[in-house]
Amino acid sequence: MFTVRRFCSSDVRVRFAPSPTGKLHLGSLRTAFYNFLFARAAKGRFLLRIEDTDQARLVPGCVEQFERILGEFGLAPDESPLRGGEFGPYQQSQRLGIYEEAASRLVDSGHAYPCFCSSKRIEMLRKSAARRNTTPGYDNLCRSLDADEARRRIADGEPHVVRFKVKKEAVDFEDVVYGLVNQVVDEGDFVIVKSDRFPTYHFANVVDDRNMKISHVIRGMEWISSTAKHIQLYRAFEWTPPSWIHLPLITRDGTKKLSKRDRDAFVDYYTAEKGYLHLAVLNFLIRNGSGIRNFEPHRLYQLEEMIEHFDAKSIGRRNFMMDHESLESYGAQAFHNSSFESLFPSILDRLNSNLPGADPVLKKPEYVRKVVDFLRGHEESFSALSSLTNGDFRFFFTVPISAEALLAKFDAETARRLLTEIVKAQSWDLASLKTLAKKHKLAYPKLFLLIRLSIIDSSSGPPITELFEFFDRAECEKRLAHMLELVERSC
Ligand code: GLU
C-alpha cells in the first residue's frame, strides 16, 4: 500500500493536464485552480501539460486558449508549452520518442508485449463480450507469442500495438480526499502504444508524471478508476507513484453530473457570456469543495488569501454543486471591490464587441466611471458585466430603438400628448409631475411608467429620481423627444 509522502516544499510539483478537445470545461478550470493553490501554498511549481495523444479529437488553438484563460484568472503556470521549462516539451505529441523508449523498457523487462491482432478481431471480442454481458476486454492472445517471431513481424513492418500485462490483483492506494481506496483492474491487457506510435492516455500520463517529477496528482474524481492501472505501470517501472488527490464530481444539484451540453459547463459562459469577474468565478469554484481552513462561505476571498489558507486535507468529499446564487453574490462583491482601472478595459471590450454602434462619448473613461459609480452607489446586487450590454443596464449605453413596449401600455395619442407636455414642463419635481398626471386623469405611477419606458425602455430598473439624477434633464429630454419621434413614426 502507498501512503502520502512528506515533501519539503521545493519538491512539490503538480500539473494540470487537459486534453485539447475544445472549450475549457468548468471542471478543468477547477482542477487547474486546485493544482495552482496546492503549488503556491507549498511554494512548489505548477505545470501545464497538454495531453494531445488522441489526435482524432484534437481542436486547434486549445493550447493558446488554455494558457490565456489560466493567465486571465491569475493562475499562470510556471512551466508550460508556451513558457517552456526544464522538463519540456510540455505537449505530449512532441514527446513520442520518450514514450517509445519507455515502452521498450517495459517490453524488455517482460511487462509489455507487441500485439498484432487486427481491429476486426478486437471488435469481434467486444461484440461477443456484449452478447455475454461481460466486461469487454482483450483476451491477451498475443501475450504468448514467441519473442523472435514478434521481432520478425515488427521488422517486416506489420502493424501492431504494444500492450501492458495487467495483473488481476487488488491495488490499494491512499487518496488525500477519499482515504484508502481498493481497486482491481478487471480488464484484459491494455494498449500503451497505438499502431500510429502515439501512446495512450494512461501510459503517457504516467511516463510524463515521472519524467516531470510530479509529486502530487490532483485531478477530477472521474479519473480515480484509472489510478490502479497507473499504479500497476509505476510498479512495472519500479517507480514510486506520486500522492493522489481526487476532487469530487461537479454536479448541478449534488447528484447529476454536469453535462457537456449545458452552457454553464464551460468557462466562457462565466467570462465572455455573463461577464462575472474572474475572482468571483474562483470563489464559486472553491465554495463547495472548500480546501480552505476555517472557510467562511459568504466572504469573497482574494487569491492570496486562498493560497494562505489552503489545505488539501480539508477538501470535502461532497460533490460540488452549481450554486448560481452564491455566484451572484460573489459577482457583486467582486464588482464592488474592484478598482475602476481594473474594470474599465473589460467594460470597454464588452462595449466594443456588443455595442459597436454606441456613441464614442459613452465609451470614454469619464462616462464609464460615472456608470460604475452609479452602480456601486445604487445597485448592490449588480454582479455581471453582461447586463451593461445585453441586460437590465443596457440603457446606460443605448437609447430605446422602438416604441413597442410603450405603445403596449399607452395609446399613441395619449403618449404623444403626455410626452410633449413633459418635455415642456418647467419643473420635474415629484409634485409637478403628480399635478401633470392629475390633469390628464392618470394615476401618477402610470405617468412614471411612461417616463421610464421612454428613458430606459424597461418597466424595471432604478427609480425615476435616480435616473433623472444620473442622466440630468438635458439627456432625459433628449430621450423623451426621441421616444416622441418613435411614437409618431409608428402611427
Ligand atoms: N488528460 C486528462 C484530462 O483530460 C488528464 C487526467 C489526469 O490529470 O490524469 O483530464
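The values are calculated or read from the model by the stated rules, or taken from the named source; none is laboratory data. As the structure is a computational prediction, the values presented were derived from the model and not from experiment. Here the Cβ positions follow ideal geometry from the backbone for every residue, glycine too, while neighbour counts run over all protein chains shown.
Take the residues in region 182-218 that are without any contact (Cβ under 8 Å) to a residue 40 or more places away in the chain and within 10 Å of the ligand (Cβ to nearest atom); name whichever of them is surrounded by the fewest Cβ atoms within 10 Å (Cβ to Cβ).
Residue satisfying both the conditions and the ranking: 202.
Looking only at region 250-269, which residues are touching a residue at least 40 places away in the same chain (Cβ under 8 Å), surrounded by fewer than 16 Cβ atoms within 10 Å (Cβ to Cβ) and not hydroxyl-bearing (Ser, Thr, Tyr)?
If the condition is that a residue be touching a residue at least 40 places away in the same chain (Cβ under 8 Å), surrounded by fewer than 16 Cβ atoms within 10 Å (Cβ to Cβ) and not hydroxyl-bearing (Ser, Thr, Tyr), then 253, 254, 260, 264, 268 are the ones that fit.
Would a scan of region 455-464 turn up a residue that is at negative phi and more than 39 Å from the chain's Cα centre (by Cα)? Write out each step before concluding.
Narrowing region 455-464 to residues at negative phi: 455-456, 458-460, 462-464.
Among the residues that remain, those that are also more than 39 Å from the chain's Cα centre (by Cα) are: none.
Scanning region 455-464, I find no residue that is at negative phi and more than 39 Å from the chain's Cα centre (by Cα), so the answer is no.
Taking region 121-163 on its own, how many of its residues are in contact with an Asp or Glu (Cβ under 8 Å, 6 or more places away or on another chain), surrounded by fewer than 14 Cβ atoms within 10 Å (Cβ to Cβ) and free of Cβ contacts under 8 Å to residues at least 40 places away in the same chain?
Qualifying residue count, region 121-163: 0.
Name the single residue that is farthest from the ligand (Cβ to nearest atom) among those in region 61-75 being buried (at least 16 other Cβ atoms within 10 Å of the Cβ) and farther than 30 Å from residue 197 by Cα.
73
Regarding region 26-35, can at least one residue be identified that is out of contact with any strand residue (DSSP E or B) (no Cβ under 7 Å at 6 or more places or on another chain), within 14 Å of the ligand (Cβ to nearest atom) and of a type in the set (Val, Ile, Thr)?
Scanning region 26-35, I find no residue that is out of contact with any strand residue (DSSP E or B) (no Cβ under 7 Å at 6 or more places or on another chain), within 14 Å of the ligand (Cβ to nearest atom) and of a type in the set (Val, Ile, Thr), so the answer is no.
Could you list, in sequence order, all residues of region 427-454 that are assigned to a helix (DSSP H, G or I), of a type in the set (A, V, I, L, M, F, W, C), surrounded by fewer than 16 Cβ atoms within 10 Å (Cβ to Cβ) and out of contact with any Phe, Trp or Tyr (no Cβ under 9 Å at 6 or more places or on another chain)?
431
So, residue 207, is that one at pLDDT below 95, under 28 Å from residue 119 (Cβ atoms) and touching a helix residue (DSSP H, G or I) at 6+ places or on another chain (Cβ under 6 Å) or not?
The answer is no for residue 207.
Hey, any hits in region 353-366 for a residue that's in contact (Cβ under 8 Å) with a residue 40 or more places away in the chain, more than 30 Å from residue 34 (Cα to Cα) and not hydroxyl-bearing (Ser, Thr, Tyr)?
Start the filter on region 353-366 by keeping residues that are in contact (Cβ under 8 Å) with a residue 40 or more places away in the chain, which leaves 355, 358.
Subset that is more than 30 Å from residue 34 (Cα to Cα): 355, 358.
From what's left, not hydroxyl-bearing (Ser, Thr, Tyr): 355, 358.
Yes: one or more hits.
Only one of these conditions is not met by residue 294: (1) within 25 Å of residue 39 (Cα to Cα); (2) under 20 Å from the mean Cα position of the chain (by Cα). Which number is it?
So the condition that residue 294 fails would be (2).
All but one of (1) over 19 Å from residue 18 (Cα atoms); (2) under 12 Å from the mean Cα position of the chain (by Cα) hold for residue 286; state the number of the condition that does not hold.
The number of the failed condition is (2).
Since residue 135 meets every condition but one in (1) under 30 Å from residue 310 (Cβ atoms); (2) at pLDDT below 95; (3) of a type in the set (Val, Ile, Thr), which condition does it not meet?
(1) is the only condition that residue 135 fails.
Across region 160-180, which residue is nearest to residue 145 (Cα to Cα) among those that are of a type in the set (A, V, I, L, M, F, W, C) and within 15 Å of the ligand (Cβ to nearest atom)?
Filtering first and then ranking leaves 173.
Quick one: would you say residue 288 is in contact (Cβ under 8 Å) with a residue 24 or more places away in the chain, more than 16 Å from the ligand (Cβ to nearest atom), surrounded by 19 or more Cβ atoms within 10 Å (Cβ to Cβ) and not hydrophobic (A, V, I, L, M, F, W, C)?
Here the answer is yes, as residue 288 does meet what is asked.
Only one of 279, 300 is among the aliphatic types (A, V, I, L, M) and within 16 Å of the chain's Cα centre (by Cα). Can you tell me which?
The match here is 279.
Restricting to region 360-387, name every residue that is among the acidic types (Asp, Glu) and surrounded by 14 or more Cβ atoms within 10 Å (Cβ to Cβ).
379, the sole residue that qualifies.
Suppose the filter is touching a residue at least 24 places away in the same chain (Cβ under 8 Å) and in contact with a helix residue (DSSP H, G or I) (Cβ under 9 Å, 6 or more places away or on another chain); does residue 490 pass it? Give the steps one after another, and end with the answer.
Working: touching a residue at least 24 places away in the same chain (Cβ under 8 Å): yes; in contact with a helix residue (DSSP H, G or I) (Cβ under 9 Å, 6 or more places away or on another chain): yes.
Yes.
Please go through (1) in contact with a Lys or Arg (Cβ under 7 Å, 6 or more places away or on another chain); (2) modelled with pLDDT of 95 or more for residue 382 and return the number of the only condition it doesn't satisfy.
Unmet condition: (1).
Criterion first (of a type in the set (A, V, I, L, M) and in contact (Cβ under 8 Å) with a residue 60 or more places away in the chain) does residue 408 satisfy it? Before the answer, list the steps.
Numbers: of a type in the set (A, V, I, L, M): yes; in contact (Cβ under 8 Å) with a residue 60 or more places away in the chain: no.
When the stated conditions are applied, residue 408 does not pass them.
Does region 38-60 include one or more residues that are loosely packed, with under 15 Cβ neighbours inside 10 Å, within 16 Å of the ligand (Cβ to nearest atom), part of a helix (DSSP H, G or I) and in contact (Cβ under 8 Å) with a residue 40 or more places away in the chain?
Looking through region 38-60, at least one residue is loosely packed, with under 15 Cβ neighbours inside 10 Å, within 16 Å of the ligand (Cβ to nearest atom), part of a helix (DSSP H, G or I) and in contact (Cβ under 8 Å) with a residue 40 or more places away in the chain.
Would you pick out the residues in region 164-181 that are closer than 23 Å to residue 140 by Cβ and either polar (S, T, N, Q) or surrounded by fewer than 18 Cβ atoms within 10 Å (Cβ to Cβ) (or both)?
Those that are closer than 23 Å to residue 140 by Cβ and either polar (S, T, N, Q) or surrounded by fewer than 18 Cβ atoms within 10 Å (Cβ to Cβ) (or both): 165, 167, 168, 169, 170.
In region 219-241, which residue that is among the charged types (D, E, K, R) and buried (at least 19 other Cβ atoms within 10 Å of the Cβ) is nearest to the ligand (Cβ to nearest atom)? I'd like the intermediate steps shown before the answer.
Pass one, region 219-241, residues among the charged types (D, E, K, R): 219, 222, 229, 235, 238.
From what is left, the residues that are buried (at least 19 other Cβ atoms within 10 Å of the Cβ) are 219, 229.
Details: 219: 3, 229: 11 Å.
So, considering only residues that are among the charged types (D, E, K, R) and buried (at least 19 other Cβ atoms within 10 Å of the Cβ), the one nearest to the ligand (Cβ to nearest atom) is 219.
Just a yes or no: is a residue in region 13-25 buried (at least 19 other Cβ atoms within 10 Å of the Cβ), within 11 Å of the ligand (Cβ to nearest atom), at pLDDT 95 or above and among the small types (Gly, Ala, Ser)?
The answer is yes, given that some residue of region 13-25 is buried (at least 19 other Cβ atoms within 10 Å of the Cβ), within 11 Å of the ligand (Cβ to nearest atom), at pLDDT 95 or above and among the small types (Gly, Ala, Ser).
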